[in-house]
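The values are calculated or read from the model by the stated rules, or taken from the named source; none is laboratory data. Remember, predicted model here, so these are calculated numbers, not experimental data. Cβ placement follows ideal geometry from the backbone for every residue including glycine, while neighbour counts extend to all protein chains displayed. With ligands, DNA and RNA removed, areas are computed over all heavy atoms of the protein, side chains included. Shrake-Rupley method; radii C 1.70, N 1.55, O 1.52, S 1.80 Å.
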Amino acid sequence: MKFNTKAIHAGQKPEETSGAVMPPIFQTSTYAQEAPNVHKGYDYARVGNPTRTALEKMIAGLEGADECACFASGVAAMDALLKMFRPGDHILSSNDLYGGSYRLFTSVFEPYGIKFSFIDMTDLELVKASITPSTKMMWIETPTNPLLRIVDIKALVDIAKEQNILTIVDNTFASPYLQRPLEFGADAVLHSATKYLAGHSDVVHGAVASSHPAIMENLRFQVKSTGAVPGPMDCYLTLRGIKTLAVRVERSVQNAKAIAEYLDKHPKVSQVNYPGLKAHPQHELASRQMDDFGAMLSFTLKDDSIDAAVKFMSSTKFFTLAESLGGVESLISNPASMTHGSIPKEIREKGGLKDSLIRISVGIEDVEDLIADLDQAF
Ligand code: P1T
């Protein structure tokens, strides 16, 4: 089955009692049992729900995984995943990543004794040199949030496998339509399904897909034991969103390319971060690793002051000033003060994230209107 067909049919079949083509929203907390522990596969809704199962089968199908576990948010998915580690374990991560991931790692898990290193993962020699005997996982985010760097999944997987280290890829920025990390040998793939998968800025949702038995066993245990599970309505919304993933992403990418080129030529812009531009340092890698270049980009103005950036972001009409990404509507944001505000300024700057950086999530509006909007903001 090819991708577009999977996005409609993977793991889906008409509901048995009525033939409904979309899985119903099974709004129930518990299930009748014939005798203790004799039931139709579901005993209590924290552990499982048929609407959630339909969504999990769908995401597993899109990522080419045996299984998927869904969570109430992207960070809840990360939290569950990280609970397979123990004090003293070391995780290697990128120095450019979602601020909430950084906060979870440093403010929640470090106090419990898990250690993290934040390095430039585009530097393979540095990655090798940063591995310690305690390193248990490489946490790969690519494209990175918000600098749109591209990390070589296959190269890191090869290094990791030699040393028995697990690899997980946060695939939120690309979506499985553009990048399927398990095909490069990664052990697990994570999504803030809030973004491209759900696609309509109306639900907060997370997922991990994997064929690795120990990872999935831990996740199922966490689903049952710590219970950060999504409600059936949210699962339904995400599943409905996925049905149009391919057409939404295709249109957003088309718009993003035109906007990146427009910004790149603009006399008031100093730098555009978009992997689809030939001058992007990992353009070739992105061409190999991704099916297309995505619909996220970031840039800085020649007037590199925060005031100029804030004025610009507050002047757009179709780009709504807001956190998040991956919805049908275009959004604009200032990572340093918004999504990445929990990373200390000196660490942000060391990783290359300037306070004046402007990030754009390109939606599916008419690109002429989007460019005219940016034009009037300049
Ligand atoms: O927001 P939540 O569903 O919990 O997902 C967290 C998350 C995980 N991974 C990446 C790469 C992300 O970008 C996010 C959330 N990011 C934003 C809200 C944002 O605007 O960048």
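Here are the numbers for the structure shown:
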| item | result |
| --- | --- |
| Residues satisfying the stated conditions in the stretch 126-157, i.e. among the charged types (D, E, K, R) and in a loop (DSSP other than H, G, I, E, B) | Arg149, Asp152 |
| Qualifying residue in the stretch 264-286 (condition: within 18 Å of Tyr177 (Cα to Cα), open to solvent by 40 Å² or more (accessible area, probe 1.4 Å) and under 21 Å from the mean Cα position of the chain (by Cα)) | no |
| Matching residues in the stretch 318-333 - criterion: being part of a loop (DSSP other than H, G, I, E, B) and either within 11 Å of the ligand (Cβ to nearest atom) or open to solvent by 30 Å² or more (accessible area, probe 1.4 Å) (or both) | Phe318, Ala322, Glu323, Ser324, Leu325, Gly326, Gly327, Val328, Glu329 |
| Residue within the stretch 31-38 that is under 23 Å from Asn218 (Cα atoms) and without any contact (Cβ under 8 Å) to a residue 24 or more places away in the chain present | yes |
| Residue match in the stretch 132-153 (condition: under 17 Å from the mean Cα position of the chain (by Cα), over 24 Å from Lys83 (Cβ atoms), crowded, with 20+ Cβ neighbours inside 10 Å and more than 16 Å from the ligand (Cβ to nearest atom)) | yes |
| Looking only at the stretch 180-196, and only at residues there that are more than 10 Å from the ligand (Cβ to nearest atom) and part of a loop (DSSP other than H, G, I, E, B), the one that is farthest from Ile165 (Cα to Cα) | Tyr196 |
| Hits in the stretch 95-120 (condition: within 16 Å of the ligand (Cβ to nearest atom) and either in contact with a Leu (Cβ under 7 Å, 6 or more places away or on another chain) or among the hydroxyl-bearing types (Ser, Thr, Tyr) (or both)) | Asp96, Tyr98, Ser101, Tyr102, Thr106, Ser107, Phe109 |
| Test: residue in the stretch 86-97 that is surrounded by fewer than 19 Cβ atoms within 10 Å (Cβ to Cβ) and either free of Cβ contacts under 8 Å to residues at least 24 places away in the same chain or assigned to a helix (DSSP H, G or I) (or both) | no |
| The stretch 334-378, residues that are open to solvent by less than 50 Å² (accessible area, probe 1.4 Å) and assigned to a helix (DSSP H, G or I) | Arg348, Val367, Leu370, Ile371, Asp373, Leu374, Ala377 |
| Matching residues in the stretch 201-211 - criterion: being outside any strand (DSSP E or B) and either within 14 Å of the ligand (Cβ to nearest atom) or within 13 Å of Ala72 (Cβ to Cβ) (or both) | Ser201, Asp202, Val203, Val204, His205 |
| Filter result for Lys311 (in contact with a helix residue (DSSP H, G or I) (Cβ under 9 Å, 6 or more places away or on another chain), touching a residue at least 12 places away in the same chain (Cβ under 8 Å) and surrounded by fewer than 16 Cβ atoms within 10 Å (Cβ to Cβ)) | no |
| Answer residue from the stretch 4-50, given it is in contact with a strand residue (DSSP E or B) (Cβ under 9 Å, 6 or more places away or on another chain) and loosely packed, with under 13 Cβ neighbours inside 10 Å and is farthest from Lys243 (Cα to Cα) among those | Thr30 |
| Residues of the stretch 212-263 classified as β-branched (Val, Ile, Thr), outside any helix (DSSP H, G or I) and surrounded by fewer than 17 Cβ atoms within 10 Å (Cβ to Cβ), total | 2 |
| Counted residues, the stretch 158-179 - those being part of a loop (DSSP other than H, G, I, E, B) and either over 28 Å from Gly327 (Cβ atoms) or within 13 Å of the ligand (Cβ to nearest atom) (or both) | 9 |
| Residues of the stretch 6-24 satisfying the condition of being among the acidic types (Asp, Glu) and either in a helix (DSSP H, G or I) or under 29 Å from Arg180 (Cβ atoms) (or both) | Glu15 |
| Single match in Asp307, Asp291 (criterion: over 30 Å from Leu182 (Cα atoms), among the charged types (D, E, K, R) and more than 16 Å from the ligand (Cβ to nearest atom)) | Asp307 |
| Filter result for the condition that a residue is within 12 Å of the ligand (Cβ to nearest atom) and of a type in the set (A, V, I, L, M), over Leu62, Leu92, Leu81 | Leu81 |
| Members of the stretch 264-276 that are out of contact with any Leu (no Cβ under 8 Å at 6 or more places or on another chain) and either among the small types (Gly, Ala, Ser) or part of a helix (DSSP H, G or I) (or both) | Lys265, Gly276 |
